[in-house]
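The values are calculated or read from the model by the stated rules, or taken from the named source; none is laboratory data. This structure is a prediction, so every number in the text was calculated from the model and none was measured. Here the Cβ positions follow ideal geometry from the backbone for every residue, glycine too, while neighbour counts run over all protein chains shown. Each accessible area value is taken on the protein alone, full model and side chains, heavy atoms only, with ligands, DNA and RNA left out. Shrake-Rupley method; radii C 1.70, N 1.55, O 1.52, S 1.80 Å.
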Amino acid sequence: MDEIGALPEAWEDAARRHEADGRTVSWLAVEEGGALRVEGLLAFGDRLKPGSAAAIARLKAMGVDTVMLTGDNRGAAALVARELGLARYVAEVLPADKAASVRELMAGGGKVAMVGDGINDAPALAAADVGIAMAGGTDVAMHTAGITLMRGDPLLVADAIAISSATYRKIRQNLGWAFVYNVVGIPVAALGLLNPVLAGAAMAVSSVSVVSNALLLRRWVPSVTNISTVSTEGEKTMYELTVEDMTCKHCVGRVTKAVQEIDQQAKVDIDLPTRKVKIDSGADLDAIAKAIIDAGYPVSARS
């Protein structure tokens, strides 16, 4: 408003109060006689997604430092940071500035993962060591990220890190086992001290042991965190729908986004091979089905 000559002095105190309460302020001006006059302001506030505070606490317990990057004003950012227990945040950043902040953190020597769901997050998702997109986000974010979470649940970020760490441990165990096995077995076989039949059997045992160790990952389960959520639309109900024409994770993201546009707190679990969509929501089933159909995915069965 200053740049275009509309001076908002009369509204500055109100704007500061709203920003101190964590709201984003937009100005309303009217052109009159070739000049602009500020007529008022609009203040917008956000609600934290259920599970956000628990997700930050779980990441902290895992030794992961969390930094919030946001285009909102400093007052809104400070309020959200306090509610989440975040010590570090960067406010009023443009998309390019988010990417610059990610590169600055990477320059500090640590591995950096960026979590985002919007078009504005795409440059930072691309710049980070690992980009993590939410299924309910934009296609640009999901295309740019290396990982797409199947639900828009912040707790899944910690789960993604946990299963990645478990997988890396299995890789190291299998490489170590194979190295030791071959260091011992090859010289013995080369010296003729090992019967070829036994050598072949030993090699098969080695392969089976490595595969069996890797298959232990199937026993991995996400950590359970108790979170109390309140639905403003009544008791939540578990629905199951059969949704056609879903072929990839982007389809999963679009279906999830369609459901969460009806109920932001809905939990959506999608099994692509069976085309089954399980939805935990307090919204009306007909409204959910219509939103999915409008997104381009026919609903062939519901319960």
Legend entry - Of all residues making up the stretch 19-37, the number that are modelled with pLDDT of 85 or more and either under 25 Å from residue 85 (Cβ atoms) or touching a helix residue (DSSP H, G or I) at 6+ places or on another chain (Cβ under 6 Å) (or both): 1
Inset, instruction - Those residues that are at pLDDT 85 or above and of a type outside the set (A, V, I, L, M, F, W, C), I need them from the stretch 210-239; list them, please. - result: 212, 213, 218, 219, 239
Inset, instruction - Sort out which residues of the stretch 84-100 are under 19 Å from the mean Cα position of the chain (by Cα) and touching a residue at least 24 places away in the same chain (Cβ under 8 Å), and write them in order of number. - result: 84, 85, 86, 95, 98, 99
Legend entry - Subset of the stretch 208-225 (residues that are surrounded by 11 or more Cβ atoms within 10 Å (Cβ to Cβ) and assigned to a helix (DSSP H, G or I)): 209, 210, 213, 214, 216, 217
Inset, instruction - Could you check, for the stretch 198-206, whether at least one of its residues is open to solvent by 70 Å² or more (accessible area, probe 1.4 Å), modelled with pLDDT of 85 or more and within 22 Å of residue 160 (Cβ to Cβ)? - result: no
Inset, instruction - For residue 194, work out the one condition from (1) in a helix (DSSP H, G or I); (2) of a type outside the set (Asp, Glu); (3) surrounded by 11 or more Cβ atoms within 10 Å (Cβ to Cβ) it doesn't fulfil. - result: (1)
Inset, instruction - All but one of (1) at pLDDT 90 or above; (2) over 16 Å from the mean Cα position of the chain (by Cα) hold for residue 110, so report the exception by its number. - result: (1)
Inset, instruction - Would you point out the residue of the stretch 22-51, among those that are touching a Gly at 6+ places or on another chain (Cβ under 7 Å) and in a loop (DSSP other than H, G, I, E, B), that is surrounded by the fewest Cβ atoms within 10 Å (Cβ to Cβ)? - result: 45
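Scanning the stretch 53-74 for residues that are of a type in the set (Gly, Ala, Ser) and within 16 Å of residue 161 (Cβ to Cβ), which turns out least open to solvent (accessible area, probe 1.4 Å)? It would help to see each step written out before you state the result.
Step one: of the stretch 53-74, the residues of a type in the set (Gly, Ala, Ser) are 53-55, 57, 61, 63, 71.
So of that shortlist, the ones also within 16 Å of residue 161 (Cβ to Cβ) come out as 54-55, 57, 61, 63.
On the way: 54: 28, 55: 5, 57: 59, 61: 89, 63: 63 Å².
Applying the filter and picking the extreme gives 55.
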Inset, instruction - Consider residue 242 carefully, then state whether it is assigned to a helix (DSSP H, G or I), among the hydroxyl-bearing types (Ser, Thr, Tyr) and either within 30 Å of residue 182 (Cα to Cα) or at pLDDT 85 or above (or both). - result: no
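Going residue by residue through the stretch 96-117, is there one that turns out to be touching a Ser or Thr at 6+ places or on another chain (Cβ under 8 Å) and either open to solvent by less than 20 Å² (accessible area, probe 1.4 Å) or of a type in the set (Ser, Thr, Tyr) (or both)? Before you say what the answer is, go through the steps one by one.
In the first step, residues of the stretch 96-117 are kept if they are touching a Ser or Thr at 6+ places or on another chain (Cβ under 8 Å); the result is 117.
Filter once more, keeping what is either open to solvent by less than 20 Å² (accessible area, probe 1.4 Å) or of a type in the set (Ser, Thr, Tyr) (or both): none.
Checking the stretch 96-117: not a single residue is touching a Ser or Thr at 6+ places or on another chain (Cβ under 8 Å) and either open to solvent by less than 20 Å² (accessible area, probe 1.4 Å) or of a type in the set (Ser, Thr, Tyr) (or both).
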Inset, instruction - Give the number of residues within the stretch 75-88 that are part of a helix (DSSP H, G or I) and surrounded by 15 or more Cβ atoms within 10 Å (Cβ to Cβ). - result: 8
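Those residues that are among the aliphatic types (A, V, I, L, M) and touching a Leu at 6+ places or on another chain (Cβ under 8 Å), I need them from the stretch 244-284; list them, please.
Going residue by residue through the stretch 244-284, those that are among the aliphatic types (A, V, I, L, M) are 246, 252, 255, 258-259, 262, 266, 268, 270, 272, 277, 279, 283.
Listed by number, the residues that qualify are 246, 252, 277, 279.
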Inset, instruction - Please specify each residue of the stretch 1-21 satisfying the condition of being surrounded by 11 or more Cβ atoms within 10 Å (Cβ to Cβ) and either at positive phi or not small (Gly, Ala, Ser) (or both). - result: 1, 7, 8, 11, 12, 16, 17, 18, 19, 21
